[in-house]
Structure formats: structure tokens, C-alpha cells
Amino acid sequence: MLFRSEAIRELEAASTHPLIRPELFPDVYTTLIACYRQSGQSEEAVVACERTLEQIAPENGQLRMLLATYLSHALSDLGEFERAKVVLEEFVGDFEPNDPYAQARMHWSLARVAAMQNERRLALRHMREAITLLKGTEDTIRLAGAHLVCAQILLWGGTTIGVEKHLRAARSLLPAHAEAGDHGTLRGLEALLEARNRHFSEARQAAEEALFLMPEHTPEIAPALYAKALAAAGEADYEVADEAFKSVLGLAERSELWQEAALIARDWANMLRWAGRPYDSERAALDSDRYASEAAKRAQRVGAANGRSENMTTAQDD
């Protein structure tokens, strides 16, 4: 965390230098935004995205679309899903229609928004579009990443059906020289699948490998932590399971992933009941209901916002 704070200070100073412009040094700005998000400073990330977009000329559509994608992700982190979708729709005209990367990035971002609203079928449809587009390129790392996103959408939705296919595709596509975080994400999802299939020893080994490959306290480690919790609970290692459940639930809460939090809290309640802690189990079950209620409220708010938008469009057409 200290290293990331230092990096933010250096990047902030660089981004305000008069000779450094987004068109010339885009990595300075995108890395700063990524550091903000990884540090839980999503509001700062939104401000940085908006400020950077103002500096980019309209004809630089590819860079504008990239920043719009970053802005959409930061807004989603804050739970502003309707605004996140509007941002993508606003800048969709900035990319070339024959640019598969830009189109794939658009579908990928829309899938992320849909998944965070628990619209998992819609999210998977967008990811299938992204996969189709990326198959026309030679970028196996991005294509592997798209399959990993599909696996994550399914697993966090509480199902294992179709997950193995996506993980197998990702493993075959991901090259050895890919970043450690990519391999860690793959191992974390493989661990969660093993845990869901009650292969607890394999799940714990894969989870530990994933956690070794990825930085601590980032949302990307959530599947590995969840797998560790489920596997430890399945092997009656309740102390380890309890700590892992606390950690992964904290990640879900900080990201306001209420549907995922409800699923985690429900499994935690089951573990506590098996461990002979009925009071704690009941409290975790109540937390699960509370998270599910938060997820339902969010869906209603988004649905109402969409309805208002459609009504305004109809009125304008009339």
C-alpha cells in the first residue's frame, strides 16, 4: 500500500506537468487511474478520468473510448451503474467500427456493469460478443481474460455449469509470459470451482497458489479467498475458514457487491452452524438477507432509472 501511495504521488505530479499530455503519455494517466481504484479511491479516479477526457481532442476517438471505459469502471465501483452505462453510450461513437479491440472493450465494460447489477445473463451475452471479436485478433492474453470473466460471472452467480469450459480455454490461451496476476486470477477461479465441487484439498492448494501470485487487499483475490474459506470449512478447519470468510466478505462490502456478499454470508452462516456457533450463524444469516435486500434495492433503482430514461425517449419521439 505504501508503494502504491508513492506511485500515486509521482503520477499526480507527472500528470500536471505542462509537457506531459494524455495523447503523448497515455500510460501516465491510465496508471494513475488504476492506482486510485486499487487503493479504494474511486471518487478520485472518476475526477481524474473526467479531467483527462477534457484534455483529449475529439478526433482521438480511441484514447477517448479507453478513458470512458476507465470512467465507467470507476463509476461502477461507486455503485453508479446507470451513469456508468450512460458514459459508455456517450462515447461509443468515438471508436472506429472496424476496431475489434474498442468494440470488445465496450462489451466487456457493459458486461461488468450488468454483472454488478446481478444481470448475469446479460453480462454473459456481452462477454460472448467480446470473445467473438477477440477471436479475430492474435491477442491470446485478452481472449483468455474474457474467458476468465465468463467463469467469474458464472461462479459468483452460484453455478458451476459451463465454468470448466471457460477455464480450460483460458489455460490453453494464457502464455507463460503473461503477468503473474493473470495466472493468479486463473488459479483463483480454478480453486473456487474445485471448492464448489467439494474437492477441498485441490481447492486449498490452488487458492494458496493464487494468493501468492496476486497482491493483497485487491478485489482480484476474492475468488481465491472464497475458495480457501469453503475448502477449509469443508475440511472442518473452522478457524482458518472463519478468517477467510471475514476477509472475502470485507472485499465484497467495500466494492458494494451485495449479491456476492449475500452468497458469501450464507456460506459463512452454514460454516458457523457446523462449527457449533448457532448465535454467530444466525447473525451471518441475517447479514446475508440484508445484503440480498441491498442488491434488490439497487436493481429496483436501476430499473426505475431505466424506465424514466425510456419514458423521456418516448416523449421526445412523440
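The values are calculated or read from the model by the stated rules, or taken from the named source; none is laboratory data. Keep in mind that this is a model prediction, so the values were computed, not measured. Neighbour counts are summed over all protein chains in view; Cβ atoms, including those assigned to glycine, are modelled from backbone coordinates with ideal geometry. Accessible surface areas use protein heavy atoms only, side chains included; no ligands, DNA or RNA. Shrake-Rupley method; radii C 1.70, N 1.55, O 1.52, S 1.80 Å.
Judged by the mean number of other Cβ atoms found within 10 Å, the most tightly packed of the peptides 130-140, 41-51 leads the ranking 41-51, 130-140.
For the chain, the alpha-carbon coordinates run over 63, 52, 39 Å along the three principal axes, in decreasing order. Which translational diffusion coefficient, to the nearest whole µm²/s, is obtained for region 26-65 from the Stokes-Einstein equation, given a Kirkwood hydrodynamic radius over C-alpha pairs, 4 °C and 1.567 mPa s? Rounded, D is 124 µm²/s. By its C-alpha gyration tensor, with a ≥ b ≥ c as the square roots of the eigenvalues, how is region 113-197 shaped: rounded for a/c under 1.5, else prolate for a/b larger than b/c, else oblate? Oblate. Take the Cα of Asn270, step 7 Å toward its Cβ, do the same at Val86, and the gap between the two points is 4.1 nm. The distance linking region 53-82 with region 202-245 is 33 Å (Cα centroid to Cα centroid, whole angstrom). Phi angles of region 42-54 translate, via the Karplus equation with coefficients 6.51, -1.76, 1.60 and θ = phi - 60°, into HN-Hα couplings of 5, 5, 5, 5, 4, 4, 5, 4, 5, 5, 5, 4, 5 Hz per residue; Gly and Pro are given as x. Leaving out ligands, DNA and RNA, what percent of the accessible area of the chain is carbon and sulfur, probe 1.4 Å? Percent of accessible area from carbon and sulfur atoms in the chain: 52.
Each of Ser201 and Ile141 was given a label point 7 Å from its Cα along the Cα-to-Cβ line. The distance between the two points is 3.6 nm.
Take the chain with all the other protein chains still there, run a 1.4 Å probe, and you get 52 Å² of accessible area per residue. Across region 1-151, how large is the tail of the calculated P(r) beyond 26 Å, expressed as a percent of all Cα pairs? Result: 27 percent of Cα pairs exceed 26 Å.
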